[in-house]
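Report on the following structure.
What follows draws every value from the coordinates through simple rules; no lab data is involved. Because the structure is a prediction, the values reported are computed rather than measured. Quick reminder, even Gly has a Cβ in these numbers, built from the backbone with ideal geometry, and neighbours come from all protein chains shown.
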Amino acid sequence: MTPAPPAPAYRGRLAPTASGFLHCGHAHTFAAAADRAKRAGGELLLRIEDIDPQRCRPEYLAAIVEDLAWLGLDWQPAPAAEAGPNGAYLQSRARHRHEAAWRTLARAGLLYPSPHSRRAIAERSPPSERDGGTRFPPELRQPPPRELPHSPGPANWRFRVPEGRVVPFTDARCGPQTFTAGEDFGDFLVWRRDDAPAYELAGAVDDLAQGITEVVRGEDLLLSTARQILLLEALGATPPSYCHLPLTRDPTGRRLSKTERDLSLRELRARGHSPGEVLAMPSG
Ligand code: GLU
């Protein structure tokens, strides 16, 4: 019998959300992630995050895969069960895995259904989270249910954060980071009332299942890293390493977004720019 090939020492991923066309900022982040994988002699996966039924659209998904290939990036093909166009993983194909993680966490008494409207939360919200988001008010916490439903949806479920727990990690670019649960961020969603897993859960669970050793992404997600570390630890897993990159800003200092004001890679390409020119456009 031929022994299984050893797992690569480094496995990275590109994880765009299929909620818009990619812009120059994405190109910078993804090219840097691909470069880190290459320098480490490792592998790279493309995981399209397409689980948000309100924001994701098939035409964005197809465009993202095409734009990344145009940039000259390539990736290891996903296994057939989770594969979308051009060997990309489709996160929506892994719902069984997200539900299994919900079940593990719920059985451990770490989750509760959270019926409150956004408005009720905003009205009672204590000072905001470190990233400016709304911190969930602890007095709206519910006890974990006595009996678990067979499946999570459609309902909001939150992870009860361990109050005062310090979550330290060392980021490959930003250096040592410290976040405190209950102070820097409150109880957060792991499942949504439209019956989709929330980003924090799906991303962390997929990084684990896909054997990701280093997560490279924008520094707007540093706080998410603290939340995801808590989730992974609660699932009994060791978190990967992290490298958060600076966000690309326009000349006024505003961060690029998927709105029409910022040129998409498609638009730059239609105007005759080469991938090299796009990657050389100023960032930071
Ligand atoms: N899909 C997320 C985004 O486009 C990034 C997720 C991640 O890298 O963990 O912002």
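Below is a table of values for the structure above.
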{"read-out": "Rounded to the nearest 20 debye, dipole of the range 19-85 from Cβ charges on Lys, Arg, Asp, Glu", "value": "220 debye"}
{"read-out": "Computed E for Glu66/Arg141 - FRET, C-beta separation, R0 41 angstrom, nearest 0.05", "value": "0.40"}
{"read-out": "Extended-chain gain in nm, criterion 0.36 nm per residue less alpha-carbon gap, Ala81 and Arg165", "value": "26.4 nm"}
{"read-out": "Share of alpha-carbon pairs per 5 Å distance bin for the range 75-128, given as whole %", "value": "4, 16, 13, 11, 12, 15, 12, 9, 7, 1"}
{"read-out": "Sites excluded, trypsin sites (Lys or Arg not before Pro) in DSSP loops with at most 11 other C-beta within 10 Å, longest stretch of the chain", "value": "1-145"}
{"read-out": "Amide H partners (placed H, <5 Å) of Trp191, local residues excluded", "value": "Trp157, Ala198"}
{"read-out": "Cα-Cα separations in the chain greater than 26 Å, expressed as whole percent", "value": "46 percent"}
{"read-out": "Measure of compaction for the range 187-267 (Cα Rg per 2.2 N^0.38 Å)", "value": "1.31"}
